[in-house]
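Here's the structure, in structure tokens; my notes come after.
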Amino acid sequence: MRSMASVILFAALAVVPAKADPLPQKSDQVVQYQIAVSLDPAKKQLQGTERLTWRNPSTTDTVGELRFHLYLNAFKNTKTTFVKESGGQLRGDEMAENAWGWIDVTSLKTAAGADLKAGLTFIQPDDGNNDDQTVASVVLPEPVPPGGSITLDIVFTAQLPQVFARTGYKDDFFLVGQWFPKIGVYEPAGMRGQTQGGWNCHQFHANSEFYADYGSFRVEITIPSNYVMGATGVRTNQRTNPGGTTTYVYEQADVHDFAWTADPDYVVITAKFSATEDVSPAEYARIAKLLGRSLDEVKLSDVDITVLLQPDHRPQAQRHVDAAKAGLKWFGLWYGRYPYKTLTVVDPAPGGGGAGGMEYPTFITAGSSWLLNYWPFDKLHSAEAVTIHEFGHQFWYAMVGNNEFEEAWLDEGFNTYSTAKTMTAVFGRDRTMLEFLGISLGEWDVNRLSNSPTLKYNRILQNSWSYVPPGTYGFYSYQKPALVLGTLEGYIGEEMMARIMRTYHERWRFKHPRSEDFFALVNELTGQDFGWYFDQVVRGGDVLDYDISSATTRPVRADSGVFDGPGGRKTVSEEAAHKQTEDAVKAKTAQYETSVVVRRRGEVYFPVTVAFKFEGKPEVRMTWDGVARTNTFKFVRPEKLEWADVDPDRKVLLDVNWLNNGRRIEDDLKPSASWTSRWLFLVQNIVTTLGLF
Amino acid sequence: MLASIGHGLRAAGTQRKLVLLLWAWYGLLSFVPVFPAFVWLSSGLNMRPASATALQRFDFGLLSELSNYDQSGVFGLLVVAAMAAMVVALVSSTFVMGGVLEVLGSEDEPRMFMHRFSRGCGHFFWRFVRLALIAGISLAIVVGIVAAAVGAMTAPMGKTEWEPGWYLAGLITVVSIAIAAAYFLLGLDYARIRVARDGSRGMFKAYVASLGFVARHALPAYGLGLTFVAALAGVALLYLAYETNSPAAATTGAIVLLLLFQQIVVIARVFARVGLIGAERHYFALASPAATPAPAVVTVTTADVPPPV
Ligand SMILES: [Zn+2]
């Protein structure tokens, strides 16, 4: 495998120019959007014109058909694939009655003036549900040659739904996402492992997010002048119109989506992330050393942060700013500097929570509540966790643009892993979610707790909408991938893992990787083949669980029986042998034989460390490849065994049950006594209250 | 009111035996669900090596693994055992209250304590059961009505853009329910005091009369109750302060100390409750002097079956 790895390494070196900064500066701009849109706040409608230029990225294919996402049609009626799959419910939010959403393309022309509207048809590439109108196709009068471009002029009307599934309105709050006719991704042969060129343009499903090509956006948004707004990118212009409206212009290059928000009630908080003040020289030096990079390479840049806050959440302003800064800092240090000038954090209006916890380029929505202003709820780090997670998507999905329809784990899972690491950097391990009255809960706990021995009927690598039951999508896309990456880190070490993640991000920034690309990179940088691991836990669905099935330690018994020796035949009775053993124990000269059986209870095998603690001696650690179903460790030593423990540092996060990892020879009552005393206290209080009613 | 509180506290202080007896009895009853919990926790924790974090912190992850991968098979019993203990406690409440009132009514005879206590328990048991049933049913009905009415009234608040309104709506509902529930519970307290003093046999009448009494003397009646709740809150805060600032219960000494502290808290609770009953008795005697000296012959309605003793 080493020769193979060096070939890949050589090839990679040939591709990546040996520059000081391996971070790509620009995306390969496939699309260019110029949109002008106006909001009718009473009807909750958008009127838009869109000039879209699309470049055929293939060097060989002539493309005669274009495909578009019309995402808002997912909320059109009860027959859409989205509503059928979700049952009108997503992330605990109900779809409001009579608040449907839709988008109509009212005109579609080429820049040359050819009318294509009549040829626009709805297609259903995923499930053949003829009532689903979330993907449209149009056959071009003249195909686009390899490398050639086409410009289209589109006019559309969009009805926003009441906030549900990320987008819509709640009273006068608007979060406008997935709102414009958006072209799919044409994947030429060779891209993401495709054997032939074709459109990747999936329908909108309940369990899946998005996929799009990079490009530039220039969007003019007209809203009533009393509204406060925010959007993807930089505000480059604004003008007041007659009739009490204002038009704002936002521009951003090297992104693949655009979202905006408007609400008259927003409190605008601005802050600056300073590359020199928010990161200390020592932190730069530590990360540069960890990554094996120069200080220049890990240097960050300044970012303007805007938080659009609900008035009732004013006390949380600093928390959101701090969380955004933590994201900019740690994701930037670990994976590569945030390249955009702005970051907007949106705090959705009460009742608009369905729009919260979502990511768009340079624009994220948070999740908070008025209660978090006050003790003891201010001890909950959930607001920070949401903001950091959504910020993390700037790196996983916005910049490393995987296909969320097909490989959601490449952003959600990588991001869950990165969020846990960031939360740990900010709050400390095991208390990232909560630390209150001696009760604590960490991100890694949360990720591990969602695992179970029964979760083995799906895999990480499958289409987002294909999970059975659909609710398991979350575990396989968020928590399990985080455990897979965390377990890998425990095995190859923090430094190697950090370098893999850094290199993966650098190589795939502004590009579209697939899982295989990550696997290949792991093999390349470690110089080992990790196919056995990814086969089992990413392509496969089995469970990992090691335990100690038995542990014994006892004095080596003196032998009895008839023995022939130089002095003739000698008989040692059982009693004599027994006494000899006992004497040796009393005289502390006895040897002890210890036997520990470590068992692979799950189907997944994984190399494990086993720690043995003998009386009065430091821990002995041994490793086992973990392949056989059991492995017996035997020792003959002058000390008794106190305990044995598989994976003593609890690095194998995928191990579904840690409770069975260790075994003591003699019981220790203290932990159960300590916990029981608290339970007794609780029960006593309840019983005494009821008993003296 | 202050005089009543002082009187109640003095009464509880004098009847130390009573406080300790109640503490011991309910402590014993608590072992019904605590023993299986100990078996369950032991099966999961005792074999764990020293590297376990169980002693350093209360670990949610570990707790959930303990329930998911229970080796002892008793985890399922816990809920049943806890429910059983609570039911027994509720029934026992009607039993011991007779004893408590009997003992409190006899501050001058501490030597006859056990005798008086058990006599009170037995003597009033059936009447207090009927009282508890009447109070429980009225409480359930009225709390249901209040919850529905206040819930409907505050519902629009939960739909506005004014987010604190959501929580305020919930708070108003909870407080209204608490006030209504407290009314029926205070009524129960005074009804028992009335029955113990006057030897009444008509429980429904006694309860209605006591509800009237609480309504007429709402301020002092609620005031005494609130003082009691405030005292409990104070004790709870003290405990939380200890729990947060004490060293983790990681050594035998620390565990024993924690246990000791917990038991002091429970005894304080019992003390406060006995004190409240003492205070209520005192207040009742002041505000509603007995018409005829006990034991009074009260009209026996057909609905009331005399006690089987
Ligand atoms: Zn996410």
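When A:Ile388 is tested against the conditions (1) assigned to a loop (DSSP other than H, G, I, E, B); (2) within 15 Å of the ligand (Cβ to nearest atom); (3) open to solvent by less than 10 Å² (accessible area, probe 1.4 Å), the lone failure is (1). Pairing residues of the range B:176-192 that are on the phi < 0 side of the Ramachandran plot with residues that are polar (S, T, N, Q), at Cβ distances under 7 Å and at least 6 apart in sequence or on separate chains, gives B:Phe184/B:Ser138; B:Gly187/B:Ser210; B:Tyr190/B:Ser210; B:Ala191/B:Ser210. Of A:Gly243, A:Gly292, A:Gly336, A:Gly327, all but one fail to be on the phi > 0 side of the Ramachandran plot and surrounded by 22 or more Cβ atoms within 10 Å (Cβ to Cβ); the exception is A:Gly336.
Within the range A:383-397, residues that are away from chain B (no Cβ under 14 Å) and of a type in the set (Val, Ile, Thr) sit with their Cβ atoms under 7 Å from residues that are open to solvent by less than 10 Å² (accessible area, probe 1.4 Å) and near the ligand (Cβ under 9 Å from one of its atoms), at 6+ positions apart or across chains, in these pairs: A:Ile388/A:Thr419.
Against the criterion of being more than 11 Å from every other protein chain (Cβ to nearest Cβ), free of Cβ contacts under 8 Å to residues at least 24 places away in the same chain and either among the aliphatic types (A, V, I, L, M) or assigned to a strand (DSSP E or B) (or both), A:Thr623 qualifies. When each of B:Leu139, B:Leu63, B:Leu131 is tested for being part of a helix (DSSP H, G or I) and at the interface with chain A (Cβ under 9 Å from one of its Cβ atoms), the lone residue that passes is B:Leu63.
Quick grid of which residues meet (1) modelled with pLDDT under 65; (2) of a type outside the set (S, T, N, Q); (3) farther than 23 Å from B:Arg192 by Cβ; (4) in a helix (DSSP H, G or I):
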position	(1), (2), (3), (4)
B:Ala249	no, yes, yes, no
B:Val265	no, yes, yes, yes
B:Gly275	no, yes, no, yes
B:Arg281	no, yes, no, yes
B:Val297	yes, yes, no, no
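Of everything in the range A:636-658 that is open to solvent by 30 Å² or more (accessible area, probe 1.4 Å) and either at the interface with chain B (Cβ under 7 Å from one of its Cβ atoms) or in contact with a Lys or Arg (Cβ under 6 Å, 6 or more places away or on another chain) (or both), the residue that is nearest to B:Val265 (Cα to Cα) is A:Trp658. Of all the criteria given as (1) within 32 Å of the chain's Cα centre (by Cα); (2) more than 14 Å from chain B (Cβ to nearest Cβ), the one not satisfied by A:Thr594 is (1). A search for C-beta distances below 8 Å between a residue of the range A:676-687 that is at the interface with chain B (Cβ under 7 Å from one of its Cβ atoms) and any residue that is crowded, with 19+ Cβ neighbours inside 10 Å and outside any helix (DSSP H, G or I), counting only pairs 6+ apart in sequence or on different chains, returns A:Ser677/B:Ala249.
Tell me whether the range A:443-452 contains one or more residues that are in contact (Cβ under 8 Å) with a residue 12 or more places away in the chain, over 16 Å from the mean Cα position of the chain (by Cα), more than 21 Å from A:Thr422 (Cβ to Cβ) and in a loop (DSSP other than H, G, I, E, B). Give the derivation first.
Quick first cut of the range A:443-452, residues in contact (Cβ under 8 Å) with a residue 12 or more places away in the chain only: A:443-448, A:450-452.
Remaining after also requiring over 16 Å from the mean Cα position of the chain (by Cα): A:452.
With more than 21 Å from A:Thr422 (Cβ to Cβ) added as a condition, the list becomes A:452.
Still in the list and also in a loop (DSSP other than H, G, I, E, B): A:452.
Within the range A:443-452, one or more residues are in contact (Cβ under 8 Å) with a residue 12 or more places away in the chain, over 16 Å from the mean Cα position of the chain (by Cα), more than 21 Å from A:Thr422 (Cβ to Cβ) and in a loop (DSSP other than H, G, I, E, B).
Checking each residue in the range B:14-30 for being more than 8 Å from every other protein chain (Cβ to nearest Cβ), touching a helix residue (DSSP H, G or I) at 6+ places or on another chain (Cβ under 8 Å) and not basic (Lys, Arg) picks out B:Thr14, B:Gln15, B:Leu18, B:Val19, B:Leu20, B:Leu21.
Hey, which of the strands (runs of 3 or more DSSP E) in the range A:27-112, taking only ones fully inside, have at least 1 residues that are free of Cβ contacts under 8 Å to residues at least 12 places away in the same chain?
On the way: elements: A:31-40, A:45-55, A:63-69, A:102-110.
So the answer is A:31-40.
Taking the stated definitions as given, is B:Ala231 more than 20 Å from B:Leu139 (Cβ to Cβ) and crowded, with 19+ Cβ neighbours inside 10 Å?
Details: more than 20 Å from B:Leu139 (Cβ to Cβ): yes; crowded, with 19+ Cβ neighbours inside 10 Å: yes.
Yes; evaluated as a whole, the condition is true for this residue.
The condition of being within 11 Å of chain B (Cβ to nearest Cβ) and of a type outside the set (A, V, I, L, M) holds for only one of A:Asn631, A:Asn661, that being A:Asn661.
The residue of the range A:391-413 that is farthest from the ligand (Cβ to nearest atom), among those that are small (Gly, Ala, Ser) and part of a loop (DSSP other than H, G, I, E, B), is A:Gly401. The set of residues in the range B:201-220 that are assigned to a loop (DSSP other than H, G, I, E, B), of a type outside the set (Lys, Arg) and within 14 Å of B:Val129 (Cα to Cα) contains only B:Gly202. Of the residues screened, A:Gly616 is not one that is closer than 27 Å to A:Leu485 by Cβ, more than 10 Å from chain B (Cβ to nearest Cβ), in a loop (DSSP other than H, G, I, E, B) and of a type in the set (Gly, Ala, Ser). Residues considered: A:Gly691, A:Gly626. Of these, the only one that is at pLDDT below 95 and open to solvent by less than 10 Å² (accessible area, probe 1.4 Å) is A:Gly691. Taking the criterion of being open to solvent by 60 Å² or more (accessible area, probe 1.4 Å) and without any contact (Cβ under 8 Å) to a residue 40 or more places away in the chain, the residues of the range B:91-113 that qualify are B:Val91, B:Phe95, B:Asp108, B:Glu109, B:Arg111, B:Met112.
The values are calculated or read from the model by the stated rules, or taken from the named source; none is laboratory data. Every value quoted in this text rests on a predicted model; they were computed, and no experiment measured them. Positions of Cβ are backbone-derived with ideal geometry, glycine not excepted, and every protein chain shown enters the neighbour counts. Surface areas here come from the heavy atoms of the whole protein model, side chains and all, with no ligands, DNA or RNA. Shrake-Rupley method; radii C 1.70, N 1.55, O 1.52, S 1.80 Å.
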